[in-house]
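Written out below as structure tokens is the structure these notes cover.
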Amino acid sequence: MTVTAFPPPPPGSDHDGLRQEVRAFLAEELAGFPPEKRAESWNGFSRDFSRKLAQRGWVGMTFPKEYGGHERSALERYVVSEELLAAGAPVISHWIADRQSGPLILAKGTEEQKRRIVPRIAAGELCFCIGMSEPDSGSDLAATRTVATEVEGGFRVNGTKVWTTYAHVADYMILFCRTGKSDDRHGGMSQFLVDLKGTGNISISPIIDLLGEHHFNQVTFDNTFLPTEALLGQKGEGWSQVMSELAFERSGPERFLSSFALIEELIRLLREGATEAQEAEIGRLSAHLMVLRQMSRSVAGMLNEGKNPSLQAAIVKDLGALFEQDVPRLARSLLSRPAVPGGRDSYAAVLAYTELAVPSFSLRGGTREILRGIIARGLGLR
Amino acid sequence: MESMIFDMAERLLRDHVSHALREDAAAGNCPEALWARIEEAGLHLAMAPEEAGGFGVPAAEALGLVRIAGAHGVPLPLAETLIANALLAQAGLALPGGRLTIAEGEALRLDRRGAGVHASGTLTMVPFARWADRIVTLASLDGASQVLSLPVKGLTLTPAQDLAGMPRDDAAVDLDLGAAEIAPLDMPAGTMRALGALVRSLAMAGALETILDLSVQYANDRVQFGRPIGKFQAIQQYLATMAGETAASRVAAEMAAASHGTPSFALAVAAAKSRTGEAAQTVGALAHQIHGAIGYTQEYALHHFTKRVWSWRDEFGTERDWTRDLGRAALSSPQATFWHFITDSTARGATA
Ligand SMILES: Cc1cc2nc3c(=O)[nH]c(=O)nc-3n(C[C@H](O)[C@H](O)[C@H](O)COP(=O)(O)OP(=O)(O)OC[C@H]3O[C@@H](n4cnc5c(N)ncnc54)[C@H](O)[C@@H]3O)c2cc1C
């Protein structure tokens, strides 16, 4: 059964030395960083932190040295990623670029694009956002309406993207849009590298989420001119390019560690004394976490070998979301302590934040239902 | 070597373990002919070192045979014989040949009698005891752990069975042990249970793959409302859920197998047995839902596998036993944070 095949991660992938270095760095950098900030997990934004991390060589780790990278393995990158997430470090400023945009540019970009952009990603200087979803195109990405029309020297773009996380601070967007007509539903799509700071006729307006925070945006392109050099990869190949990004986007430890701050808070309190029933629940949680970690490391191993484990990635994300979404329910079943936004104590604050964050975990990056459709197809349902 | 023995095992079991054979075994008949083939192929000796007459396949790989046997619902103590032979060899005892089984030996009492040792007590729900020649277990004598090889002929059995109709007999022990039947082997308390839990996890992982395969095939074949039921999204969501649970089970079981002989073994087994046991619940229930009434019959293959996983999850520690142990370790761990506990308990040896 190929879908369920998760080969063990390669030998020696614990990288203990590296792990200890990262821990020491985080202990120093995040000293005094409060649990309720850590609860934001990979949604926390700090350019400063991303730059410092890059100075240690921990951004763009897998990129070629030629482009400012460090040519380390996907498993080494995995170790750094999970240590950052477990500590609740504010990583989003470089996260998307490091995870998927950088690898995409390296795989599909022109030499000029690679030289211009990738070293700055590896330096932790560039924040990327993803311009896929639209008002009428969510799960159904092929329903994209935003269109780039070829003109002298480039393209004119018209259309609206929504839910674009951190577009208001990002330097670049990878824009997915239509560049032509095609009988194939997936044809006629392309990707662009959009310089958000240096391009006119783009308006970015906030969408406030239910936590009262501004992460999301609506991004409108109004006859926006993009030069030919902004095209990323082949014109018309946008669909297959996006699909090859998904294994990177869906399989990492951020797909099961988003609630980790709450887990640490919960365990801190239970260490003061736990019943057998509480122990058993923590044991179940531990078992799930150990297994998810191994599955995610397995996918990292496959990515390292240049494979495209997109089905395994869908499985990791589906199981991972179930796990991280269940944490507030579990906490509430083990301790009778209410959630208080902003906090009476750190547990109450972290519970409140996490409880409100979890509904998004099975939406962002592909909904649960869509992932399961992908898995079902992979099983060979005719 | 390793893939040779796998291919051979896969072929042998595919050709010779049929629905009829599983039915006949569940009716109480030991499949002697199948055992003869397994012995001829030497599958039961894979894990024992070459000096002892085994194949010396590394444990993590030899244990892959247990998963394959689980996938075929082999109604014989193959996993048990593998483990028993490996333990006997480790303790320097000669391999006795024949079918062996394993049991948790904590309930046994060992007393010195003259120059020898007397064993007494009752072993409960011993897998395949009445079809086995010997029961291998660990018990302690003067605080030192010992491997015992008990001749079934010298025991009093009270027959019972598991959900799948496989023998799970109580064995009353009251005998003097011969020189070839006891030897010291330094093993931590709970080793027998952990080894048993390991093989049951692997067998569950294999059986769950079969249950998933049967379900996918049925969803493609069964037509209602003019199309295969696999076209309905509700059924697809079930199958995707089963695939996730099945994949997690295999990863969990293989992680435990890979940690055999390392300090993380006990925790990896705890994770594996509880994770696969939980999956057995979900996958089994959804498989029956997808199959409709045909899956609820004796005639269709599914029940042999669902009954097996539902039995195996109870043996050598239930999910509740193992999650309690794992949770207790997490909560009492000297590591500063839970995260450190998690990385340490999966590190070193948990990769192949
Ligand atoms: C926190 C967060 C951050 C995000 N960041 C970004 C970003 O940076 N960039 C970006 O482009 N997008 C982003 N998104 C958008 C995200 O990709 C979409 O929310 C997602 O693709 C679903 O689209 P939708 O919200 O329009 O829901 P819909 O597609 O309208 O779905 C609504 C419901 O219908 C179900 N459904 C839809 N189609 C089917 C089907 N065929 N079968 C069964 N059920 C179906 C869905 O599973 C869901 O339950 C973000 C979303 C969230 C929540």
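Computed from the coordinates by the stated procedures, all read-outs in this text should not be read as laboratory data. Since the model is a prediction, treat every value here as computed from it, not as a measurement. Virtual Cβ from ideal backbone geometry, glycine too; neighbours counted across all protein chains shown.
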Label-point separation in nm, B:Arg320 to B:Thr158, each point 7 Å along Cα→Cβ: 2.2
Spatially proximal lysines relative to A:Lys65 (Cα-Cα < 20 Å; intrachain offsets below 8 disregarded): A:Lys52, A:Lys108, A:Lys114
Whole-number D in µm² s⁻¹ for the protein assembly as shown, Kirkwood Cα-pair radius fed into Stokes-Einstein, 20 °C, 1.002 mPa s: 77
Residue-by-residue Karplus 3J(HN,Hα) for the stretch B:57-64, coefficients 6.51, -1.76, 1.60, Hz, glycine and proline x: 5, x, 3, 4, 7, 4, 5, x
Environment charge at A:Leu104 (Cβ cut-off 13 Å; Lys +1, Arg +1, Asp -1, Glu -1): -1
Footprinting exposure proxy for A:His215, A:His168 (fewest neighbouring C-beta atoms within 10 Å first): A:His168, A:His215
Residue-span extension gain [B:Ser140 to B:Glu32] - 0.36 nm each, minus C-alpha spacing: 35.5 nm
Qualifying trypsin sites (Lys or Arg not before Pro) in the stretch A:270-318, DSSP loop, other Cβ atoms within 10 Å at most 13: A:Lys307
Interchain or long-range residues, amide H under 5 Å from A:Thr110's placed H: A:Gly233
Between helix B:302-312 and chain B: long-axis angle, C-alpha atoms, 0 to 90°, nearest 10: 40
GluC sites (Glu not before Pro) lying in DSSP loop within the stretch A:27-71, provided at most 15 other Cβ fall within 10 Å: A:Glu71
Built amide H within the under 5 Å cut-off of B:Val117, gap 5+: B:Leu177
Coil-residue trypsin sites (Lys or Arg not before Pro) of the stretch A:121-226, DSSP, other Cβ within 10 Å capped at 14: A:Arg145, A:Lys181, A:Arg185, A:Lys197
Rounded tilt (10° steps) of A:310-334 against the dominant C-alpha axis of chain A: 40
Cα-based reach from A:Lys181 at 16 Å (exclusive), listing lysines while leaving out same-chain residues under 8 positions away: A:Lys235
The stretch B:258-300 and the stretch A:48-115: distance between their alpha carbon centers, rounded to Å: 38
Cα-based reach from A:Lys161 at 18 Å (exclusive), listing lysines while leaving out same-chain residues under 8 positions away: A:Lys197
Computed FRET value (nearest 0.05) for A:Glu237 with A:Asn201, which takes r as the C-beta separation and R₀ as 22 Å: 0.30
More than 25 angstrom apart: percent of Cα pairs within the stretch B:2-184: 34
Full-stretch length increase - A:Ser139, A:Asp16 - with 0.36 nm per residue and alpha-carbon distance subtracted: 40.3 nm
For the stretch A:84-97, Karplus couplings with θ = phi - 60° (6.51, -1.76, 1.60), whole Hz, Gly/Pro x: 4, 5, 5, 8, x, 6, x, 10, 5, 4, 10, 4, 5, 5
Percent RCO, i.e. relative contact order, over chain A, from Cα pairs under 8 Å lying at least 6 residues apart: 17
Average partner coverage of B:230-240, which counts Cβ from other chains inside 10 Å: 5
q = 0.09, 0.15, 0.19 Å⁻¹: log10 I(q)/I(0) that the Debye formula gives for the stretch A:241-378, counting C-alpha atoms only: -0.31, -0.76, -1.04
Where labels lie 7 Å past Cα in the beta-carbon direction, separation of A:Thr110 and B:Gln335 in nm: 4.9
Computed label-point distance, nm, for sites B:Ile294 and A:Thr275 using a 7 Å Cα→Cβ extension: 4.7
Magnitude of the charge dipole, the stretch A:130-237, Cβ model with Lys/Arg +1 and Asp/Glu -1, debye to 20: 120
Amide H contacts of B:Ala160 (H built 1.01 Å from N, under 5 Å, at least 5 apart or other chain): B:Arg168, B:Asp169, B:Asp170
Dimensions (Å) - chain B, Cα atoms, principal axes, largest first: 78, 55, 38
Most mobile of A:Gly200, A:Gly366, A:Gly306 in a GNM of chain A (Cα contacts under 10 Å): A:Gly306
Phi-based couplings in Hz for the stretch A:200-216 (Karplus 6.51, -1.76, 1.60; Gly and Pro marked x): x, 6, 10, 10, 10, 10, x, 10, 7, 7, 5, 7, x, 9, 9, 10, 6
Estimated [θ] at 222 nm from DSSP helical runs (n ≥ 4, -39500 (n - 2.57)) normalised by residues in the protein assembly as shown, nearest 500: -15000 deg cm²/dmol
Inter-centroid distance (Cα atoms) of the stretch A:19-43 relative to the stretch A:229-291, Å: 17
